[in-house]
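**Student:** Structure in structure tokens, see below.
Quick note: the coordinates plus some simple rules give every number you see, no bench work behind them. Since the model is a prediction, treat every value here as computed from it, not as a measurement. Using ideal geometry, Cβ is built from the backbone for each residue, glycine included, and neighbour counts are taken over all protein chains shown.
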Amino acid sequence: MTTNVPVIDTHAHHAPEAGGTNYLNNRSGFWSWAGTLDHKRIGLMYLVGVSIAFLCGGLFALLVRLHLWEPKGMLFDNAQYNQIFTLHGAFMVFLFVIPAIPGSLGNMVLPLMLGAKDVALPRLNLLSFYLWLTGAVLATLAIVLGGFDTGWTFYTPYSLYTQQAVVTIGLAIFVLGFSSIFTGLNFIVTVHKLRAPGLTWFRMPLFVWALYATSLLQVLATPVLGITVLLVAFERLYHIGIFDPRLGGDPVLFEHFFWFYSHPAVYIMVLPAFGIISELVSVHSRKPLFGYKLIAFSSLAIAIISFLVWGHHMFTSGQSTYAMFAFSFLTFFVAIPTAIKEFSWVATIWKGSIALNSPMLYTLAFLIIFAIGGLTGVILGALNVDIHLHDTYFVVAHFHYVMMGSIALAFFAGLHHWWPKMFGVMYDEFLAKIACAIIFIGFNATFLPQFIMGSRGMPRRYATYVPDYAPYHAASTVGVIILTVGIGMMVFYLVASLFQGKKAMQNQWGGVTLDWLCPTPPPLENFDVPPKVVHEVYDYSTLDYQSMQTPVR
Amino acid sequence: MFALLTQDPARTPGHIENPAPPLAVDTYGQLPKLASTFDHVDGLFYFTYIVCIFFFVVIVGVIAVSVVLYRRKTWDQPALSNVTHNTPLEVVWTVIPLIIVMVMFAWGFKGSLDMTNVPEAASRNLYKATAKQWNWTFTYPNGQQSFGEVWVEVDKPVAFATESTDVLHAFYLPQMRVKRDVIPGRSQVVWFEPKEVGDYHLFCAEYCGNDHSKMYAQLHVVSAEEFAKKPWDKWDDSTPAAAAKSGESLYKQLCASCHSVNGIPGVGPSWKGLFTKNADGTFTGRQREVLVGGQKQTITVDDAYIIESIKTPMAKIVAEEPYNRGGMSAFDNIEDRKIAGLIQYMKSLAEAK
């Protein structure tokens with residue numbers, strides 16, 4: 001090993017010949033953005049889009065919680081409440097959690113990490129974004145056309161009978177599915193074809209591995225969802241008799257179709273988050289990731305097993321004993337690669353050089369919250385216990401610990417980590433740390449009480465409830481107000497940094513993967529000289545400390 | 001969207017009006033106090049809970065110690081160790097959790113067999129629970145019925161065949177640890193053995209539309225002597241006032257989720273003003289526009305119209321928006337004396353003025 005040869009000569013790239021131009025300022029005007037094929041600009045447009053979707057979904061969540069302050073409900077009648085909680089779920093799942101990390105941070109960082117000029121299929125990449133936008137417009141149109149009150153799961157036969165804009169939102173999901181498939185396809189090709197010379201599979205950063213596993217799931221699972229929503233639309237319009245028991249159809253068949261996609265979808269959502277955390281734990285501990293290969297393979301193992309556990313969403317539907325046996329067994333089995341990841345992250349921190357900056361604080365918050373989210377999943381895997389807990393707030397709390405507490409926090413962590421890379425500016429670190437603490441407290445205050453009321457029997461999707469559960473609902477509502485303050489702060493200091501943030505450093509955090517070795521912010525085609533990889537991944541003996549103190553131009 | 005934000009108070013109450021007393025909680029505060037024989041649920045829940053707390057404490061402990069010991073003091077401080085893996089350690093933290101989860105799996109599967117295999121004694125005591133938007137009808141082994149509440153005998157295994165006439169519902173008794181989706185077109189049997197006398201919540205746990213959260217019933221577990229008195233069969237119609245009172249209680253269990261009695265529009269039309277009282281004590285029904293096979297007609301409300309509207313609701317639909325699409329499901333199995341009680345209650349609303 002020639003350990004002293006730098007991967008690329010980073011200083012050369014800070015030289016004035018770059019002229020201070022980067023992907024943000026090399027061209028301007030509306031069409032330079034709307035028609036761009038640059039993965040970084042597309043990533044930024046995704047970032048703006050998914051952030052707006054997240055804030056809308058968050059507003060709906062706030063309304064839901066405020067309504068539940070009192071057992072009789074404070075704000076809405078039952079029909080209105082049902083629409084609001086459905087909007088919360090549908091916006092968060094389809095417009096935010098599924099596309100957020102691959103679309104924004106993945107697009108931004110994946111080609112940088114591979115040492116590539118762009119993704120393999122830049123036009124397809126832009127099409128993915130416009131499909132996402134079309135889906136978002138259709139979803140908004142569905143609200144205008146009378147809304148929908150089916151829950152994000154669209155369970156039949158209710159979704160076939162309800163007099164609302166179910167077909168429109170179904171069309172939105174269909175279109176969003178293609179956006180997701182195209183992104184996955186693009187990333188698979190990019191990883192296979194555009195790795196820099198010397199970047200072998202086991203030298204790829206784990207965020208790349210995670211996006212690769214995610215992409216496989218997106219390509220293989222999403223078509224099933226597309227077909228399912230199409231069938232629901234046909235059933236509503238032409239009364240064919242697939243899911244409608246009045247016409248000889250089977251509503252349980254819908255549940256199978258739906259979860260055949262939507263369980264892998266949970267991993268489409270969470271694997272990119274795992275990838276971000278793997279990167280950040282290593283960079284901010286300045287230590288190679290513990291058990292690199294095991295983490296890489298566990299991503300693939302999770303991707304495969306996740307196709308075989310969908311039935312655990314249906315333990316109370318009256319499946320056969322054999323189906324229950326297999327689904328419960330495999331559900332417990334998928335806990336193992338997930339546990340390996342958590343243990344490996346914690347082992348990476350051990351004896352590291354731990355920087356308590358804001359990306360790392362978000363990462364530590366993730367590690368604690370994901371431990372709770374994952375472990376409560378084990379409780380739900382047991383067949384007899386799940387029968388009691390199914391469709392209660394225990395399940396609601398569990399998946400919010402995974403979807404909101406883990407995935408959204410990993411997204412925030414990645415956003416803070418790559419913000420200086422993307423924009424060349426730093427946000428206010430002090431405010432960022434305070435906001436992280438407020439979000440952590442607010443999140444736990446919101447969802448810990450839901451575990452208790454859930455295990456005590458509070459069913460989910462209730463517009464009103466028996467007074468037994470009032471104190472826990474009240475605590476949860478107070479929590480969400482704290483959470484809202486934290487998120488509001490985060491939006492404020494991130495946006496403010498774009499206008500008056502101080503300049504970031506070339507290599508703000510001291511990363512050694514290729515994304516930190518190209519100029520900051522990156523020029524149009526990322527690398528002036530095609531990079532060549534000669535080191536193992538996460539080898540911090542090669543860290544150029546100088547680049548951590550060189551401001552961006 | 002903005003229309004959704006403005007509150008419209010003129011609707012039927014959206015909440016449960018007379019719930020069972022608050023449910024008792026077990027010693028550890030996490031589960032409702034068990035009132036059936038399914039103690040393996042609680043056993044495995046707490047076993048898993050303790051294992052989870054153990055792993056959580058270990059994980060958070062290692063993170064906390066690391067942050068304290070290895071916090072970066074100078075900006076260019078390298079890590080203390082560059083270890084990339086440790087095979088024995090990785091084998092340990094793969095194999096030990098695997099063994100633990102397999103124990104949980106086996107325990108849980110065994111428990112679920114107990115819950116799904118209906119014993120002989122329970123299937124001889126077979127009730128029917130019929131779910132429809134948004135109420136429960138219970139049929140006793142002897143064929144009698146009750147609405148919104150059901151009585152069972154303590155210490156005697158009981159089975160419920162669950163059926164739905166419209167969409168998905170779920171039959172959920174938290175304190176019995178019983179839950180089963182109620183699927184239209186299928187009849188599925190659940191069983192339990194109640195061990196404690198008391199009144200318990202029965203929730204619908206699968207989202208079923210507008211008044212999902214109001215789809216509530218009570219389970220009364222009573223002693224053998226009390227059960228022999230057939231408490232569900234009490235129906236006092238000795239005087240018109242008593243019949244109206246019986247009708248009122250049936251109204252609250254069965255009809256109130258859609259029909260108000262104070263003129264506030266609900267899912268269905270209000271009962272207010274159906275009858276007016278004459279000076280001689282008789283009642284006159286109001287004039288009403290209805291749709292018969294899509295044709296508008298004006299009829300006078302009378303007993304026959306009410307009976308028809310309960311048994312075959314689509315025969316004459318109220319012509320006024322938004323009720324002109326119909327949608328009420330047929331209640332063709334209510335005994336005649338009970339329908340008479342409901343009519344008496346409607347008439348008593350005129351007296352109330």
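**Student:** How well do other chains shield peptide B:62-74, expressed as the mean number of their Cβ atoms within 10 Å of each residue Cβ?
**Tutor:** Numbers: counts 6, 9, 2, 2, 10, 6, 1, 4, 8, 5, 10, 1, 1.
Neighbouring Cβ atoms belonging to other protein chains average 5 per residue here.
**Student:** Would you mind getting me the FRET efficiency between A:Thr321 and B:Ile53? Use the beta-carbon distance for r and R0 = 41 Å, nearest 0.05. Can you show the working numbers first?
**Tutor:** Values: r = 31 Å, r/R0 = 0.76.
Between A:Thr321 and B:Ile53 the formula returns 0.85.
**Student:** Calculate the FRET efficiency for A:Ile304 and B:Asp39 from the Cβ-Cβ distance with a Förster distance of 35 Å, rounded to the nearest 0.05.
**Tutor:** Numbers: r = 37 Å, r/R0 = 1.05.
So, using R0 = 35 Å, E works out to roughly 0.40.
**Student:** Quick one: helix A:321-349 against the long Cα principal axis of chain A, what's the angle to the nearest 10°, folded into 0 to 90?
**Tutor:** Orientation of helix A:321-349: about 30 degrees from the principal axis.
**Student:** I've got another one for you. For the stretch B:173-230, which chymotrypsin sites (Phe, Trp or Tyr not before Pro) are in a loop by DSSP, counting at most 14 other Cβ atoms within 10 Å?
**Tutor:** Working: sites: B:Trp191, B:Phe192, B:Tyr200, B:Phe203, B:Tyr207, B:Tyr216, B:Phe227; in loops: B:Tyr207.
For chymotrypsin sites (Phe, Trp or Tyr not before Pro) across the stretch B:173-230 that sit outside H, G, I, E and B with at most 14 neighbouring Cβ atoms in 10 Å, the list is empty.
**Student:** What nm value, rounded to one decimal, do you get for the distance between B:Ser123 and B:Asp233 when each label is placed 7 Å out toward the C-beta?
**Tutor:** My value for the distance between the label points is 2.7 nm.
**Student:** Hey, another quick one. Could you tally the net charge around B:Gln175, taking each other residue with its Cβ under 9 Å from the Cβ of B:Gln175, Lys/Arg +1 and Asp/Glu -1? Present the calculation step by step, with values, prior to reporting the outcome.
**Tutor:** On the way: positive: B:Lys33, B:Arg177; negative: B:Glu196.
Taking every Cβ under 9 Å from that of B:Gln175, the sum is +1.
**Student:** Considering the options B:Val101, B:Tyr127, B:Ser112, tell which one lies farthest towards the positive end of the dipole of the stretch B:57-206, charges being +1 on Lys and Arg and -1 on Asp and Glu at the Cβ, about the Cα centre.
**Tutor:** Working it through, the farthest residue towards the positive pole turns out to be B:Val101.
**Student:** Which three numbers, in whole Å and largest first, are the semi-axes of the equivalent ellipsoid of the stretch A:61-128 derived from its Cα gyration tensor as √(5λ)? Could the numbers behind the result be given before it?
**Tutor:** Values: eigenvalues 339, 28, 6 Å².
Working through the eigenvalues yields semi-axes of 41, 12, 6 Å.
**Student:** Here's something else I'd like to know. Hey, got the dipole for the stretch A:334-475? About the Cα centre, +1 on K and R Cβ, -1 on D and E Cβ, debye to the nearest 20? Walk me through the numbers before you get to the answer.
**Tutor:** Details: 7 positive and 6 negative charges, 31 e Å.
Here the stretch A:334-475 has a charge dipole of around 140 debye.
**Student:** Could you run the Karplus curve 6.51 cos²θ - 1.76 cosθ + 1.60 with θ = phi - 60° over the stretch A:55-71 and give me ³J(HN,Hα) per residue in whole Hz, x for Gly and Pro?
**Tutor:** Running phi through 6.51 cos²θ - 1.76 cosθ + 1.60 with θ = phi - 60° gives 5, 5, x, x, 4, 4, 4, 4, 4, 4, 5, 5, 4, 7, 4, 10, x Hz.
**Student:** Still on this structure, I have one more. If you place +1 on the Cβ of every Lys and Arg, -1 on the Cβ of every Asp and Glu, and leave all else neutral, what size is the dipole of the protein assembly as shown about its Cα centre, to the nearest 20 Debye? Show your work: numbers first, answer last.
**Tutor:** Values: 59 positive and 61 negative charges, 349 e Å.
For this selection, approximately 1680 debye.
**Student:** ³J(HN,Hα) across the stretch B:169-178 via Karplus (A = 6.51, B = -1.76, C = 1.60, θ = phi - 60°), whole Hz, x for Gly/Pro?
**Tutor:** These are the phi-based 3J(HN,Hα) values: 9, 9, 9, 10, 10, x, 6, 9, 6, 10 Hz.
**Student:** Additional query: Can you give me the Rg/Rh ratio for the stretch B:120-233, using Cα atoms for both radii and the Kirkwood formula for Rh?
**Tutor:** On the way: Rg = 13.1 Å, Rh = 13.9 Å.
Ratio value, two decimals: 0.94.
**Student:** Please get the size of the charge dipole for the stretch B:149-281, origin at its Cα centre, with Cβ charges of +1 on Lys and Arg and -1 on Asp and Glu, quoted in debye to the nearest 20. Before the final figure, lay out the partial values.
**Tutor:** On the way: 14 positive and 18 negative charges, 54 e Å.
Computed about the Cα centre, the dipole is about 260 debye.
**Student:** Report, to the nearest 10°, how far helix A:251-285 tilts away from the longest principal axis of the Cα atoms in chain A, using its own Cα long axis and a range of 0 to 90°.
**Tutor:** Taking Cα atoms only, the helix is inclined about 30 degrees.
**Student:** Run the simple label-point estimate for B:Asp26 and B:Lys73 please: 7 Å along Cα→C-beta, distance reported in nm.
**Tutor:** Rounded to a tenth, the inter-label distance reads 5.0 nm.
**Student:** Relative contact order for chain A: what percent, with Cα pairs under 8 Å and sequence separation of 6 or more? Intermediate values should be presented prior to the final figure.
**Tutor:** Values: 937 pairs, mean separation 108.5, N = 553.
Computed value for chain A: 20 percent relative contact order.
**Student:** Check B:Tyr127: other-chain or 5+ apart residues with amide H under 5 Å from its amide H, H built from backbone geometry?
**Tutor:** Long-range HN contacts for B:Tyr127: B:Ala159, B:Phe160, B:Ala161.
**Student:** Could you work out the Kirkwood radius for the stretch B:39-116, taking every pair of different alpha carbons, averaging 1/r and inverting it, reported in Å?
**Tutor:** On the way: mean 1/r = 0.0628 Å⁻¹.
Taking every pair of different Cα atoms in the stretch B:39-116, averaging 1/r and inverting gives 15.9 Å.
**Student:** In nm, to one decimal, how far is the modelled label at B:Thr312 from the one at A:Gln163, with both set 7 Å along Cα→Cβ?
**Tutor:** That separation, rounded to one decimal, is 2.4 nm.
**Student:** Now for a different question. Give me the net charge for the shell around B:Ala79: Cβ to Cβ below 13 angstrom, other residues only, Lys and Arg +1, Asp and Glu -1.
**Tutor:** On the way: positive: A:Arg286, A:Lys287, A:Lys351, B:Arg71, B:Arg72, B:Lys73; negative: A:Asp539, B:Asp76.
My count for the surroundings of B:Ala79 gives +4.
**Student:** Next question, about the same structure. With a ≥ b ≥ c taken as the square roots of the eigenvalues of the C-alpha gyration tensor of the stretch B:76-143, please select rounded if a/c is under 1.5 and otherwise prolate if a/b is larger than b/c or oblate if it is not? Present the calculation step by step, with values, prior to reporting the outcome.
**Tutor:** Numbers: a/c = 10.65, a/b = 2.85, b/c = 3.74.
Because a/c hits 1.5 or more and a/b fails to exceed b/c, the stretch B:76-143 counts as oblate.
**Student:** Mind checking B:93-101 for the average number of partner chain beta-carbons within 10 Å of each residue's beta-carbon? List each step's numbers first, then the result.
**Tutor:** Working: counts 9, 7, 1, 1, 8, 5, 0, 4, 11.
The shielding value for this peptide is 5.
**Student:** Give a residue-ordered list of calculated ³J(HN,Hα) values for the stretch A:513-526 (Karplus: 6.51 cos²θ - 1.76 cosθ + 1.60, θ = phi - 60°; whole Hz; x for Gly, Pro).
**Tutor:** Once θ is set to phi - 60°, the couplings for the stretch A:513-526 become 7, 4, 4, 9, 9, 9, x, 10, x, x, x, 3, 9, 6 Hz.
**Student:** Same structure, new question: So which trypsin sites (Lys or Arg not before Pro) in the stretch B:312-341 pass both tests, a DSSP loop state and at most 16 other Cβ atoms within 10 Å of the Cβ?
**Tutor:** Filter output for the stretch B:312-341: empty list.
**Student:** Give the long-range amide H neighbours of A:Val425: residues separated by 5 or more places, or on another chain, with amide H under 5 Å away, using H modelled in the peptide plane at 1.01 Å from N.
**Tutor:** A:Ala504
**Student:** For chain B, what is one quarter of the convex hull surface built on the Cα atoms, given in nm²? Before the final figure, lay out each step's value.
**Tutor:** Details: hull surface 113.1 nm².
It is 28.3 nm².
**Student:** For the stretch B:205-289, run through the trypsin sites (Lys or Arg not before Pro) and keep only the ones in DSSP coil with at most 15 other Cβ atoms within 10 Å of their Cβ.
**Tutor:** Hits after loop and neighbour filter: B:Lys229, B:Lys234, B:Arg286.
**Student:** Ranking request for peptides A:489-500, A:187-198: highest mean number of other beta-carbon atoms within 10 Å first, then the rest in descending order. Working shown, then result.
**Tutor:** Details: A:489-500: 15.1, A:187-198: 17.3.
Most protected by this proxy first, the peptides run A:187-198, A:489-500.
**Student:** For A:Lys503, which lysines qualify as cross-link partners when the Cα separation must be under 21 Å and same-chain residues fewer than eight apart are set aside?
**Tutor:** By straight Cα distance, A:Lys503 reaches A:Lys40, A:Lys421, A:Lys433.
**Student:** Given the convex hull over the Cα atoms of the protein assembly as shown, what projected area results after averaging over all orientations, in nm²?
**Tutor:** Values: hull surface 154.5 nm².
So the mean shadow area of the Cα hull is 38.6 nm².
**Student:** I'd like to know which of A:Ile387, A:Phe187, A:His88 lies farthest towards the positive end of the charge dipole of the protein assembly as shown, counting +1 on Cβ of Lys and Arg and -1 on Cβ of Asp and Glu.
**Tutor:** Result: A:Phe187, furthest along the dipole toward the positive end.
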